[in-house]
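Engineer: Please find one structure pasted underneath; my questions will follow.
Each reported figure results from applying straightforward, stated rules to the coordinates on display, with no laboratory input. Predicted, not measured: the structure shown is a model, and the values here were computed from it. Here the Cβ positions follow ideal geometry from the backbone for every residue, glycine too, while neighbour counts run over all protein chains shown.
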């Protein structure tokens, strides 16, 4: 009888331990994305064109960029759970991480979740970045169609600096296909605060998003809300193909949150952009992606006439061949052009190397 009681107690203890372990989980994940690309930048007579060939393996601003991370959840009881995520960019060419002394430079946050939604605090993505990652209007999520050995300047629609520190975010539960995210990142008077919201809808063949984000120049005399960006985007699955559209406009343009560089006398410009993309599945394994993006930026010079009117256009096409649910090959070509304002010498000098194209072949594996 005593032996039976002892065995029963041991089994109960093991069951309790197993139950506790099931209530808490940590997942290690990542992406390894490497491509070999050739990029050509077209210059002027003073700055000849240059061609660069190399590996494009370290791009921390790319949602498909190589990274490793961990996320976890713990059952706190009463329908609540503790959640966290840590994520770091990694360069598979030499094994290094970020060059700015941030180990977890992509995500570093903790929070609580439940029936009310989620409340998270720490380093998190901007609302526009979340929209892009959701593939609402960018058919390659800023990835393949930006293949280049020097891809700065290829992004024509603002993503608000990709990520922000000191961020507090609320994410609602999904109700009838709708989900709301609201976020504020405190600048602590060193930089302006970053604030925004993202409303998404997903039901059947339609997915859509409305995003609004801005800087608040707290600590800057006479300057309040600026770089106000609104983006409407969505995609619709037609059955034989998926069509994606996006339109963005910015008031009081200044794509930097360094508040200490601003004064109330600064005259800010405006920015408008749109893109259209198509995903066409050729076979079960092979799909084609085509996208065109165009933007217009007007920046007043010394608070007077518009002296730097820039029109950018970017065309991209890529082919993706799926080897497994987690691995695929891709071939991509992108071309970006700029139209300068006639007679503005400063633009010719500053934008002499703005026209560029690139061709890349890569492989991406998620784990």
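Engineer: Taking the Cα-to-Cβ direction at residue 110 and at residue 245 and moving 7 Å from each Cα, how far apart do the two end points lie in nm?
Structural biologist: Taking the two extended label points, one gets 4.6 nm.
Engineer: How far is it, in nm, from the label point at residue 237 to the one at residue 176 when both lie 7 Å from their Cα along the line to the Cβ?
Structural biologist: 2.3
Engineer: Using 1/(1 + (r/R0)^6) with R0 = 35 angstrom and r between the beta carbons of residue 27 and residue 298, what's the FRET efficiency to the nearest 0.05? Can you show the working numbers first?
Structural biologist: Details: r = 46 Å, r/R0 = 1.31.
It comes to 0.15.
Engineer: For 365, 128, which order do you get if you count the other beta carbons within 10 Å of each Cβ and list the fewest first?
Structural biologist: Ranked by crowding around the Cβ, least crowded first: 365, 128.
Engineer: Once the piece of chain linking residue 225 and residue 93 is laid out straight, how much longer is it, given 0.36 nm per residue of separation minus the C-alpha distance between them?
Structural biologist: Extra length available between residue 225 and residue 93 comes to 43.4 nm.
Engineer: By how many nm would the segment from residue 337 to residue 166 lengthen if fully extended, with 0.36 nm per residue of separation less the alpha-carbon distance?
Structural biologist: 57.9 nm
Engineer: Can you work out the PRE-style zone for residue 76? Point 7 Å along Cα to Cβ, and I want the residues of the stretch 120-135 with backbone N under 18 Å.
Structural biologist: Zone members listed by number: 120-123.
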